[in-house]
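Chemist: My questions all concern the structure below.
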Amino acid sequence: MSALRSERVDPNAPLLGVEHLTMRFGGLVAIDDVSFDAEDKKITAIIGPNGAGKTTVFNCLTGFYKPTVGRLTLNHPRKGPYLLERMEGYQIPQKAAVARTFQNIRLFSQMSVLENLIVAQHNKLMEASAFTFAGLFGLPRYRHAEAEAVELARYWLNRVGLEDRADWDAGNLPYGDQRRLEIARSMCTEPVLLCLDEPAAGLNPRESADLNRLLTFIRDEHNIGLLLIEHDMSVVMEISDHIVVLDYGRKISDGNPDEVRNDPAVIRAYLGEEEDEELPPEVAEDLASDKSDKR
């Protein structure tokens, strides 16, 4: 059995199992023994204050970092389990079908909107072309794959409302449209797990609402798991099925939105602990008046 694969197959296993993930950079412990599951056909959010280690978790899952300790198991519904920590970075999207977007948009700005979605299907097209031979001679196998790639690209253009801008350079799109295009490009790779790094960053309320509808559509209609990092709590609490909370590299809470919202450990992590509560303005004014009268 391949070293990339787990030694056992559990039909009841979650889509993603993170076990005892630890990431050290010299003497700095960025992630400290974190474990959680992300279920298939569910939206799982990873939240926490700045510096909590959220992006480091993503970087371990998607092959940018090799974890110091831990097992990261992706249970592909059709191909069986993969051990992500043993895979090279390029293999994770190709074999395990894990796609990712980034906090800073990484589109091909000089390519058209449509071309960005077709280039995302490069691996599939290269296989169909027998690595250029069938493509050079226009064999039926390649023409069929090419037509399917264009059809899939146009489907996602329609889903994100950009079909009328297919010929625009991606870099000329408004910021919110670029965010949606990046998600559409990831979906053109046909992932089983979509990892989104702060997809609502920089969006206005209307654009955030559009994003919520897009992500729930992907979950409900395409039946894949979504894992997202997000600071916008209006997005997290509205669409998440499951939330994992990190603070200083450790997991402090894990549950549904209501459980996490009311967890004292989460409240302390976000708000801190004050010895004295701030007085309401009307009470403060009354006290000031009393002091003035006594003088």
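Bear in mind these aren't lab numbers, they're just calculated from the coordinates by the rules spelled out. As the structure is a computational prediction, the values presented were derived from the model and not from experiment. In this analysis, Cβ positions are derived from the backbone assuming ideal geometry, glycine residues included, and neighbour counts consider all displayed protein chains.
Chemist: Within 10 Å of each residue's Cβ, count the other Cβ atoms and sort R268, R179 from fewest upward.
Modeler: Ranked by crowding around the Cβ, least crowded first: R268, R179.
Chemist: If amide H atoms are built 1.01 Å from N in the plane of the peptide, which residues on other chains or at least 5 residues away come under 5 Å of the amide H of H76?
Modeler: When sequence neighbours closer than 5 places are left aside, the close amide H contacts are Y82.
Chemist: Listing D169, D247, D220 from the residue with the fewest other Cβ atoms within 10 Å to the one with the most, what is the order?
Modeler: D220, D169, D247
Chemist: Could you give the nm distance between label points at E115 and M233, where each point is 7 Å from its Cα heading toward the beta carbon?
Modeler: 4.4 nm
Chemist: Shifting gears a bit: Give the distance, in whole Å, between the Cα centre of the stretch 80-113 and the Cα centre of the stretch 200-271.
Modeler: 21 Å
Chemist: Summing +1 for each Lys or Arg and -1 for each Asp or Glu, what net charge is found among the other residues whose Cβ lies under 15 Å from the Cβ of T56?
Modeler: Around T56, the surrounding residues sum to 0.
Chemist: Moving on. Hey, can you rank 108-114, 21-27 by average C-beta count inside 10 Å, highest first?
Modeler: The peptides rank, most packed first, as 108-114, 21-27.
Chemist: Follow-up question, since we're still on this one. Once the other residues with Cβ under 15 Å from the Cβ of Q178 are scored (Lys, Arg +1; Asp, Glu -1), what is the net sum?
Modeler: With Lys, Arg at +1 and Asp, Glu at -1, the net is -3.
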